[in-house]
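Enquirer: Before I ask anything, here is the structure I am working with.
The values are calculated or read from the model by the stated rules, or taken from the named source; none is laboratory data. Treat the numbers as computed from the prediction; the structure is a model and nothing was measured. All Cβ positions, even for glycine, are placed from backbone atoms using ideal geometry, and neighbour counts span all protein chains on display. Quick note on the areas: whole protein, heavy atoms, side chains included, nothing else; ligands and nucleic acids left out. Shrake-Rupley method; radii C 1.70, N 1.55, O 1.52, S 1.80 Å.
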Amino acid sequence: MTEKIKNITLVVITAVFLFGFLLWGIIKPTDKESLSERRPLAEFPSLSADTVFSGSFMTDFEKYTLDQFPLRDSFRTVKAITAFYVFGQKDNNDIYIKDGFASKLDYPLNEESIDHAASRFNYVYERYLKDNCGKVYISVIPDKNFFMAEQNGYPSLDYDKLIADLRAETDFAEYINITHLLELSDYYCTDSHWRQEKITDVAKFLAEKMGVSLSGDFESNRVDAPFHGVYYGQSALPLPADELYYLEDDVLKNCKVYDLETDSYIPVYNLEKTEEKDPYEMYLSGSKSLLTLENTKADTDKELIIFRDSFGSSLAPLLLEGYAKITLVDIRYLSPELLSNFIDFNGQDVLFIYSTSVLNNSIMIK
C-alpha cells in the first residue's frame, strides 16, 4: 500500500467517523434525562434573532450537543476509567473511590451555610415550638467523607467546627451525638445514604436519649433489584451494585403513612421505586414535604415531630415503635412560614436531624 493510499484511507475513515456521528446526533431522538446522572438533559434551544444576536443560542446549543452526543454514557465511562486507572487521578468530577466506596468531595466548610440552616431552625423554634412543644433535640448525620476524606489524603470538612457552630447557634435544643455509632460500612458503596439495616443501633440510641425505649426487633427483607446509587452514575464507572434491604416489624406492617401532598395514604416501603431512577426513594416514597406515621398498635400517646432531610426517610420507621405518631417535615420543600397550616404544635417532642452535606449546602432549606 502506497503512502498516498494510506493517507486517503485515513482521511476517509476519519470523515466517516466524524460525519457518521454528526448524522447520528441529528437523527437520534432527543433524550429528556440522564438516568445515570439523575438530571434533565439540555434540549435544542429556541432559535430566534434575539437568541442568535445575544449569543445565548450558541451557548445553549453547545450544552445541547454535549448532552445529546451519541454513546454519551459510554464515552463518559471511557473517560472516567482513563482518568482513574491510566492517569492516576485521585478524583473525577469530584467523585473519588477508596476500598470500593464512592463519595463526592464536599469542601471547604461553608460557615454561611451553617448560619443559614441554624437561622431557619431558630425561626421554627421561636415561631412554633418555644411555648407549644415538649423537649427539642438536634443531631447531625456525618456524610461518608467523615470516614474517607482526610484519612485518604483528600480535603475534608472541619466536622468538629461544623457541629460546634451549629450547637452554639441552636442552644434551644439538646444535642444528641451519633457519630461514634457510625462507620463507613453503615453506608452504601455507590450512594450517599446510610443503610437502614445498619442503623438500628442509631435509632435505639436516639430513642433512649429522647426518653423512649425500642426493642429493635426487626425482620430484614432484601430487594431483588440491584441498587446503583447516585455516585454510580456520577462517577461513570462500572461499580458493583449495592443491595437494598428494608426492615419490618408488627408496628410497621400495621402503621398508616399519610402523605399531605397527595392527600393519600402511602406504604412505608414503596417497592415500585426500586425500579425507578433512585431506588433509595423506596423509603417513604422519597422526597416528601410532609408525612405522618401513625402507630396503630401504640400503647402511648407520645408524639414526635422530625425536621429532616432524605436520611430521615429510612430512620423514621425505626423510631415509630416508641410513639403514637411521628410527623416528618422537610423544609427544603415546605416553607416554615406555612407550617401552622398543616401541623398542630401541641406538646410533641421535636428532633432536628440533618446530614452534614445538607447543612454545608443549606441554600436548599427554605
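Enquirer: In the stretch 326-357, what residues are crowded, with 21+ Cβ neighbours inside 10 Å, among the β-branched types (V, I, T) and within 15 Å of Y123 (Cβ to Cβ)?
Expert: V329, I331, V350
Enquirer: Within the stretch 80-96, take every residue that is open to solvent by 40 Å² or more (accessible area, probe 1.4 Å) and under 17 Å from L239 (Cβ atoms) and give me the one that is modelled with the highest pLDDT. Talk me through it step by step, then tell me what you get.
Expert: First pass over the stretch 80-96, keeping only residues open to solvent by 40 Å² or more (accessible area, probe 1.4 Å): 81-82, 85-91, 93-94.
Those still in the list that are under 17 Å from L239 (Cβ atoms) too: 81-82, 85, 89-91, 93-94.
On the way: I81: 66, T82: 73, Y85: 72, Q89: 78, K90: 82, D91: 82, N93: 81, D94: 90.
Across the stretch 80-96, the extreme among qualifying residues is D94.
Enquirer: When you scan the stretch 292-328, how many residues do you find that are assigned to a strand (DSSP E or B) and either over 17 Å from P267 (Cα atoms) or over 22 Å from the mean Cα position of the chain (by Cα) (or both)? Show your work before the answer.
Expert: Initial filter on the stretch 292-328 (assigned to a strand (DSSP E or B)): 292-294, 303-308, 325-328.
When the remaining residues are screened for being either over 17 Å from P267 (Cα atoms) or over 22 Å from the mean Cα position of the chain (by Cα) (or both), the result is 294, 303-308, 325.
Residues that pass the stated criteria total 8.
Enquirer: Here's a follow-up. Quickly run through the stretch 249-268 and pick out the residues that are of a type outside the set (F, W, Y), part of a strand (DSSP E or B) and open to solvent by 50 Å² or more (accessible area, probe 1.4 Å).
Expert: K256
Enquirer: Considering only residues that are touching a Gly at 6+ places or on another chain (Cβ under 6 Å) and open to solvent by less than 30 Å² (accessible area, probe 1.4 Å), look in the stretch 202-235 and name the one that is farthest from D91 (Cα to Cα). Spell out the reasoning first.
Expert: From the stretch 202-235, those touching a Gly at 6+ places or on another chain (Cβ under 6 Å) are 204, 207, 212, 214; that's our starting set.
Okay, now just the ones that are also open to solvent by less than 30 Å² (accessible area, probe 1.4 Å), so 207, 212, 214.
Values: A207: 38, V212: 43, L214: 41 Å.
Top of the filtered list is V212.
Enquirer: Please specify each residue of the stretch 209-231 satisfying the condition of being closer than 18 Å to D191 by Cβ and either in contact with a strand residue (DSSP E or B) (Cβ under 8 Å, 6 or more places away or on another chain) or part of a strand (DSSP E or B) (or both).
Expert: Matches in the stretch 209-231: R222, V223, P226, F227, H228, G229, Y231.
Enquirer: Can you find, within the stretch 218-261, the residue that is nearest to A324 (Cα to Cα) among those that are over 18 Å from the mean Cα position of the chain (by Cα) and hydroxyl-bearing (S, T, Y)?
Expert: Checked the stretch 218-261; the qualifying residue nearest to A324 (Cα to Cα) is Y258.
Enquirer: Are any residues in the stretch 283-299 at pLDDT 95 or above, open to solvent by 40 Å² or more (accessible area, probe 1.4 Å) and hydroxyl-bearing (S, T, Y), and if so, which ones?
Expert: Within the stretch 283-299, just T296 meets the criteria.
Enquirer: I've got another one for you. Run down Y246, Y280 and say which single residue is part of a helix (DSSP H, G or I), of a type in the set (F, W, Y) and surrounded by 14 or more Cβ atoms within 10 Å (Cβ to Cβ).
Expert: Y280
Enquirer: When you scan the stretch 159-167, do you find a residue that is over 21 Å from F121 (Cβ atoms) and open to solvent by 50 Å² or more (accessible area, probe 1.4 Å), even just one?
Expert: Of the residues in the stretch 159-167, the ones over 21 Å from F121 (Cβ atoms) are none.
No, every residue in the stretch 159-167 fails to be over 21 Å from F121 (Cβ atoms) and open to solvent by 50 Å² or more (accessible area, probe 1.4 Å).
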